[in-house]
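Heads up, the thing below is written out as structure tokens.
Computed from the coordinates by the stated procedures, all read-outs in this text should not be read as laboratory data. All values derive from a computational prediction rather than experimental measurement.
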Amino acid sequence: MYEGVVQDLIDELGRLPGIGPKSAQRIAFHILQADSADVNRLVEVLQTVKARVRFCDTCFNVAESEQCRICADPRRDRTQLCVVEEPKDVLAMERTREFKGVYHVLGGAIDPMGGVGPDDLKITELFRRLGQEPIEEVLIATNPNHIGEATATYLVRSIRPMGIQLSRLASGLPVGGDLEYADEVTLGRAIEGRKVLTNV
């Protein structure tokens, strides 16, 4: 334990996701040793982010105005909607340059054990969009873990009666992976999602 404001800084940094006590201590001492100009820049950026960044009124991605850059882009395919858990998932999808549609960010996943139900997420807003926008396909891109799968199952059951085409991100073996190290679920998904080779 350190004294006064140093310990306060370590405690605050330790509250950030993914930062343990040792990492918080390392970051705190990095800040203490940094130039005042560097620290001031960090403070200014944090204050600017809190003042200017909000969530898109349409898809709930991060934005600096009422709509995010994707919702505001007229070139996007409005008939395809990709549902993700968090704004960082939009960035991951965009990096692939494969998806040309628009997004809907749920703000998390259904987790009964964690006290998160459908009403705690942006699911009502999703259903409203499906009723108002010309969406023909919903790509469910929740994480391939137990809460992501539970969320996907809930969405499929709720959306299927609307007659909208549903798809799910394929899951399986990573490129460069070895079969011997794959767990049974991952390998099973890879077999289930296998492709027929037509031109060899």
Tell me, in nm to one decimal, what length is gained between residue 52 and residue 113 on full extension, where the rule is 0.36 nm per residue of separation less the Cα-Cα distance? 18.6 nm
Which of the pairs 100/122; 50/100; 50/88; 88/122 have their Cα atoms more than 27 Å apart in this structure? 50/100
What aspartates and glutamates sit close enough to residue 22 to cross-link, taking a C-alpha to C-alpha distance under 20 Å and skipping anything fewer than 8 places away on the same chain? 3, 8, 11, 12
Could you give the length gained by full extension between residue 65 and residue 181, i.e. 0.36 nm per residue of separation minus their alpha carbon distance, to one decimal place? 37.2 nm
Could you tell me the center-to-center distance, by alpha carbons, between the stretch 14-38 and the stretch 162-190 in angstrom? 37
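From Cα pairs below 8 angstrom and at least 6 apart in sequence, can you work out the relative contact order of the chain, rounded to a whole percent?
About 13 percent, as a whole number.
Apply the Kirkwood formula to the stretch 4-52: the hydrodynamic radius equals the inverse of the mean of 1/r over all pairs of different alpha-carbon atoms; give it in Å with one decimal.
On the way: mean 1/r = 0.0867 Å⁻¹.
Across the stretch 4-52, the inverse of the average 1/r is 11.5 Å.
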Residue-averaged [θ]222 nm for the chain, counting only DSSP H segments that reach four residues, each worth -39500 (n - 2.57): -13000 deg cm²/dmol
Among DSSP bridges having both ends in the stretch 62-168, what percentage is antiparallel? Round to the nearest 5. 5
